[in-house]
1. Give the cross-link partners of LYS198 among the aspartates and glutamates, using a straight C-alpha distance below 19 Å as the criterion and excluding same-chain residues fewer than 8 apart.
2. Which one, GLY231, LEU178, LEU246, projects farthest toward the positive side of the charge dipole computed for segment 153-317 from Cβ point charges (K/R +1, D/E -1)?
3. If neighbour count is taken as other Cβ atoms inside 10 Å, put LEU19, LEU105 in order from fewest to most.
4. Taking the Cα centre as origin and putting +1 on Lys and Arg beta-carbons and -1 on Asp and Glu beta-carbons, what dipole magnitude results for the chain, to the nearest 20 debye?
5. Any lysines with Cα under 21 Å of the LYS201 Cα? List them, leaving off those in the same chain fewer than 8 positions away.
6. Hey, with R₀ at 41 Å, roughly what FRET efficiency would ARG119 and ASN258 work out to, going by the Cβ-Cβ distance, to 0.05?
7. Hey, got a sec? Which GluC sites (Glu not before Pro) in segment 183-291 land in a DSSP loop and have at most 15 other Cβ atoms within 10 Å?
Amino acid sequence: MHKRRILLAEDNPEHIEQLQQYLHLLHYSVEVHTSGLTTLQRLQEPNTPEMALMSSSLTPMTGLEIGLEIRRRLRRRQLWLMLMSASPSAEEVVMATDAGIDEFLVKPVDLQDLRMRIRTGERVQSLYAELSDSAMAMEFHSTHDPLTGAWRREAILDLIFKETDRVQRLQIPVSLILVDIDDFTSVNLKYSSNIADKLLKLLANRLRRQLRSYDMLGRYAGDEFLIALPGCSAPEAAAKAERIRLAIANRPFMVEGNEISMTACISVAVSLGRSPLIVLREAERSLSLAKQQGHNSVRIGGEIKTAETVSPELRRLTTSID
């Protein structure tokens with residue numbers, strides 16, 4: 001049977017031995033601490049046990065003080081805290097409840113009582129995990145495009161506004177890239193809408209491979225993607241845009257046995273704190289001008305760069321990484 005983990009914080013060796021035996025019978029792996037300070041430090045770490053059984057007699061911090069600090073610092077309701085006391089007063093029980101202690105036990109701890117308290121904690125933790133997973137799933141679906149997994153338009157615009165605040169404080173650039181697939185309507189006409197959807201999903205995955213972990217990819221419109229590059233200067237963004245252009249144009253996409261080649265027009269706009277709406281309008285105007293010049297091109301500000309006219313220097317910077 002799988003063993004769950006529990007942290008036992010107790011300074012009495014006899015009680016430690018007895019409680020370890022109890023907890024092993026309940027199929028728990030026990031981690032023992034005898035200091036209140038090390039207990040607090042351990043419970044603040046990422047990979048802490050799911051439950052903690054603490055004595056009120058710990059030093060230099062009591063179990064009650066530990067519980068209060070854990071709830072104040074971490075707000076971790078999924079961590080089940082139990083406090084033991086040899087002769088608890090009514091005031092101590094009230095203080096423990098106010099401190100966020102989940103269960104209060106009297107020493108010497110009765111095995112059946114401990115079993116009941118732990119089983120209660122397991123049920124509550126299981127429910128908490130289900131609710132947490134459900135909430136996370138709802139949040140993801142509300143902010144991400146269900147087809148491509150990229151940020152929805154509203155969500156990425158919100159992220160860009162927040163990034164602009166950081167740009168203004170730190171005086172670092174943020175670059176925006178708009179990617180628009182050339183003549184994507186013909187794909188829908190030649191193939192099915194199902195194939196077109198799968199093609200967009202593959203495109204989003206290919207775009208992600210060109211980005212850093214903290215870059216942001218959003219679906220701006222039907223076949224348009226918006227990319228935000230924090231800390232990226234104009235030359236760096238130009239090189240990134242050219243890599244993206246090559247990544248799309250240089251290798252066909254395979255969808256249900258169909259080999260589909262695509263190109264894209266791409267625009268770049270850079271901000272050092274300007275309103276995101278102004279920078280986006282600049283990127284949209286550049287994209288419109290790029291599409292007027294023809295397919296498979298990158299436009300940085302007022303300068304157009306096509307597959308034929310891109311400079312040797314930029315070519316050296318933009319070796320395709322696909």
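Only the coordinates and a few stated rules stand behind these numbers; no lab work does. Please read these numbers as outputs of a predicted model, since none were measured by experiment. Cβ atoms come from the backbone with ideal geometry, glycine included; neighbour counts cover every protein chain shown.
1. By straight Cα distance, LYS198 reaches ASP145, ASP180, ASP182, ASP183, ASP223, GLU224, GLU256, GLU259, ASP322.
2. GLY231
3. LEU105, LEU19
4. Around 1080 debye, computed over the chain.
5. LYS190, LYS240
6. 0.15
7. Numbers: sites: GLU224, GLU236, GLU242, GLU256, GLU259, GLU282, GLU284; in loops: GLU256.
Of the GluC sites (Glu not before Pro), the ones in loops of segment 183-291 whose Cβ has at most 15 other Cβ atoms within 10 Å are GLU256.
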